[in-house]
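Here the structure comes first, spelled out in C-alpha cells, and everything after it is commentary.
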Amino acid sequence: MNKEILKQRTKVLAIRIIKMIENMPETRISNVIGSQLLRSATSISANYRASCRAKSTRDFINKLKIVEEEADETILWLELIEETKIFKSEKLLPLKIEANEILSIIVASIKTAKKIAQPPQP
C-alpha cells in the first residue's frame, strides 16, 4: 500500500474516533476509556508518519512496532466500549474493521521490512 494512502487512512481513523469520543456519555468510565482510546488512536497516525521519516530500516521497523502496539490497543478500547455497551456494536463495527485492517497492513509491513533487512544467506 502506498504510504500516502496509509497516512490518510490512519489520520481519518483518528478523526472518526475523536468524533465518536465527543459523543460518548459523560460518565467516569466513559471518560477514562475515551481518554485512553483518544491517545492510542491518534498515536497510530502520529507514529506512522514518524515511520515514514525513519533514518534506517531498523528505525523504520521500530517505529512500525509502536504503530502495531497502538493499533492493537485501540482495538482493545473499542472492544471494551462495545462490551460495556457505551456504544452499540453497529456504530463501532466500521471503526473496528478499519483498525484491524490498519493493524494487518502494519504487521505485513514489519514482516516485509525484516525480510529486506536480513542479509542474504549463503
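Key figures for this structure:
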read-out: The range 1-24: number of residues that are open to solvent by 60 Å² or more (accessible area, probe 1.4 Å), over 14 Å from THR74 (Cα atoms) and touching a residue at least 24 places away in the same chain (Cβ under 8 Å); value: 2
read-out: Among (1) part of a loop (DSSP other than H, G, I, E, B); (2) in contact with an Asp or Glu (Cβ under 8 Å, 6 or more places away or on another chain) - the single one VAL107 does not satisfy; value: (1)
read-out: Residue list for the range 113-122, filter: touching a Ser or Thr at 6+ places or on another chain (Cβ under 7 Å) and either open to solvent by 60 Å² or more (accessible area, probe 1.4 Å) or without any contact (Cβ under 8 Å) to a residue 40 or more places away in the chain (or both); value: ILE116
read-out: Residues within the range 71-100 that are without any contact (Cβ under 8 Å) to a residue 40 or more places away in the chain and closer than 18 Å to LYS3 by Cα, tallied; value: 2
read-out: Number of the exception - GLU26 against (1) at pLDDT 95 or above; (2) farther than 26 Å from LYS115 by Cβ; (3) more than 15 Å from the chain's Cα centre (by Cα); (4) not β-branched (Val, Ile, Thr); value: (1)
read-out: Selected residue (criterion: least open to solvent (accessible area, probe 1.4 Å)) from residues of the range 87-112 that are modelled with pLDDT under 95 and not polar (S, T, N, Q); value: PHE87
read-out: Given (1) in contact (Cβ under 8 Å) with a residue 12 or more places away in the chain; (2) outside any helix (DSSP H, G or I); (3) of a type in the set (A, V, I, L, M, F, W, C), number of the condition ILE61 does not satisfy; value: (2)
read-out: Among the residues listed as SER40, SER30, the single one being open to solvent by less than 20 Å² (accessible area, probe 1.4 Å), over 18 Å from LEU13 (Cβ atoms) and part of a helix (DSSP H, G or I); value: SER30
read-out: From ALA54, ALA50, residue being open to solvent by less than 70 Å² (accessible area, probe 1.4 Å), under 15 Å from ALA113 (Cβ atoms) and in a loop (DSSP other than H, G, I, E, B); value: ALA54
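The values are calculated or read from the model by the stated rules, or taken from the named source; none is laboratory data. Source: prediction; values computed, not measured. Ideal geometry is used to build each Cβ from the backbone, glycine not excepted, and the neighbour counts take in all protein chains shown. What goes into the accessible areas is simple: the full protein's heavy atoms, side chains included, and nothing from ligands, DNA or RNA. Shrake-Rupley method; radii C 1.70, N 1.55, O 1.52, S 1.80 Å.
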